[in-house]
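The values are calculated or read from the model by the stated rules, or taken from the named source; none is laboratory data. The structure presented is a predicted model; accordingly, all values stated were derived computationally and were not measured. Here the Cβ is made from the backbone with ideal geometry for all residues, glycine too, and neighbour counts use every protein chain on show. The accessibility values were calculated without ligands, DNA or RNA, using every heavy atom of the protein model including side chains. Shrake-Rupley method; radii C 1.70, N 1.55, O 1.52, S 1.80 Å.
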Protein chains: 2
Amino acid sequence: MSINVTTEFLARDAVRAVRRGDLIIVVDALRCTSTIVTALANGAREVIPVKSLGKARKMRSENPDYLLAGERGGLKPSGFDLGNSPLEYTPERVSGKTIILTTTSGTKALENSKGAQRVFIGSFLNAGAVAREALSTALNDGRDICIVQSGTNGAFSLEDFICAGAIISNLTDADIKLSDAAQAAYLGFKSIEKNLCANIMKSEHSKRLIELGFVEDIKFSCQVNLFPIAPFYDGRAVIVRR
Amino acid sequence: MSINVTTEFLARDAVRAVRRGDLIIVVDALRCTSTIVTALANGAREVIPVKSLGKARKMRSENPDYLLAGERGGLKPSGFDLGNSPLEYTPERVSGKTIILTTTSGTKALENSKGAQRVFIGSFLNAGAVAREALSTALNDGRDICIVQSGTNGAFSLEDFICAGAIISNLTDADIKLSDAAQAAYLGFKSIEKNLCANIMKSEHSKRLIELGFVEDIKFSCQVNLFPIAPFYDGRAVIVRR
């Protein structure tokens, strides 16, 4: 059986993938999905994505043992336990914990993916694992695959495009048909695979993160296949099969 | 002075470039802009892009010496002198002639670009020349540059994305700031520059053209820098400075 693979460039276009009935992989490489993957790899019990600050704070007040995490404008909101830097999500901080996470683009892409039967969480950190798991699920369910790039502030972002290409480059051992957009992302990734981080640092969002002092987050997030996990979003929380 | 360079993925998004006041380069590599460039390089006096078949036929009936050209579904409409294959536009057929051209995506991108102060016509065939001319005009007028990809049937197309990258790779000798989308297109082009035609043939539109028997058009259109001309659209017709 042949599987069609495509990619959408913007969080808002997740709804198109839902309409087509695609299996979705959401990518927000800098930094939301890298943070989620790191948190779960380091033992967090679950990550609950929440759109608004208000809703996040309310959920926390009702569940004092949850960690409150996220960013606005790249920075940790006041009173939060954790920002949106994957480096903060050490085993010591997150093991066994439920984390409420509110970010700008990634949370929106997840929200817009509700309604898809399967929503996986992708990043450079778990490109191989999420590709393998998504492929076997798609083959099993007879579905096509769409990688939804979150983008930055509603616009196309280089890092999510290249990250989509990294995941696509791991969709092997099956009869795969790439759309033009998927082919483009694949070519983009292949062209800078050997010098990934230096090229990702040229993106507009990277430049802003560097100004804010988060250069180490970019370096960390550009590590391909650091974690062999494929977290998925069940409509309430992102979890990983243990 | 620094010039921002970006690219839009779809004909309809030309309006954004117009709103920003950008200098526009319209690309529809398979085959509209390749056809226009070839016609003008081979001595055509001007190419008048027209959206509808009806309007094209009316203009022809009022101007019996014009050539009527274009496609619907890739094929030459009945009663037309020329299709949308650049190979038909030989000096013998087009020299000195005014050509009425109606196509699906390219004509729409041109129409949506009306209102921009400058609209150039780009393709692989004239990537270097159009880049140089656009850059010197943009520097002169203090404008940014946007390459508008026509796409295919309202969707992203690989060939226009890669062609945008080919033009961007020729925007040199100036202080250029690439957007994330422009950077992605540039990387895509660089990754397949040495094997351009074989990769362009993987696009969805290429496959359809090959089915229709137009494989030679793809090969012809993938020749980089065959023609050193930079045609521009004055709102009525596409012409080239002689």
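Laid out as a table, the results:
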item	result
Total accessible surface hidden between B and A, rounded to 100 Å², 1.4 Å probe	1700 Å²
Formal net charge of residues neighbouring residue A:140 (Cβ-Cβ distance under 15 Å; K, R +1; D, E -1)	-2
Candidates B:26, B:148, B:224, ranked by Gaussian network fluctuation over chain B, Cα under 10 Å, top entry	B:224
Cβ-vector label at 7 Å, residue B:98, separations to other copies in nm	7.3
Of all chain B residues, the one whose C-beta is nearest the axis that brings B onto A, in angstrom	B:191, 2
Partner aspartates and glutamates for residue A:190 [C-alpha distance under 16 Å; skip if fewer than 8 residues away on the same chain]	A:159, A:160, A:180, B:193
Shielding by partners - mean other protein chain Cβ count within 10 Å, residues of B:143-156	1
Inter-chain shielding of B:157-164 (mean C-beta neighbours from other protein chains, 10 Å cut-off)	3
Nearest-first distances (nm) between copies at residue B:142, label 7 Å from Cα via Cβ	6.3
Label-reachable residues, the range A:32-59, where backbone N falls under 19 Å from a point 7 Å from residue A:136's Cα toward its Cβ	A:41
Of B:48, B:192, B:145, the one that fluctuates the most in a GNM where chain B has Cα springs shorter than 10 Å	B:192
Percent RCO, i.e. relative contact order, over chain B, from Cα pairs under 8 Å lying at least 6 residues apart	34 percent
Alpha carbon centroid spacing (whole Å) that separates the range A:96-166 from the range B:96-163	33 Å
Within the protein assembly as shown, helix-based [θ] at 222 nm, where runs of 4 or more DSSP H residues each add -39,500 (n - 2.57), nearest 500	-11500 deg cm²/dmol
For residue A:91, net neighbour charge (Lys/Arg +1, Asp/Glu -1) across residues whose Cβ lies under 13 Å away	+1
Cross-link pairs A:114/B:194; B:76/B:97; B:108/B:202 - those with Cα-Cα distance over 30 Å	A:114/B:194
Residue with peak Gaussian network fluctuation, chain B [Cα springs, cutoff 10 Å], from B:122, B:188, B:142	B:142
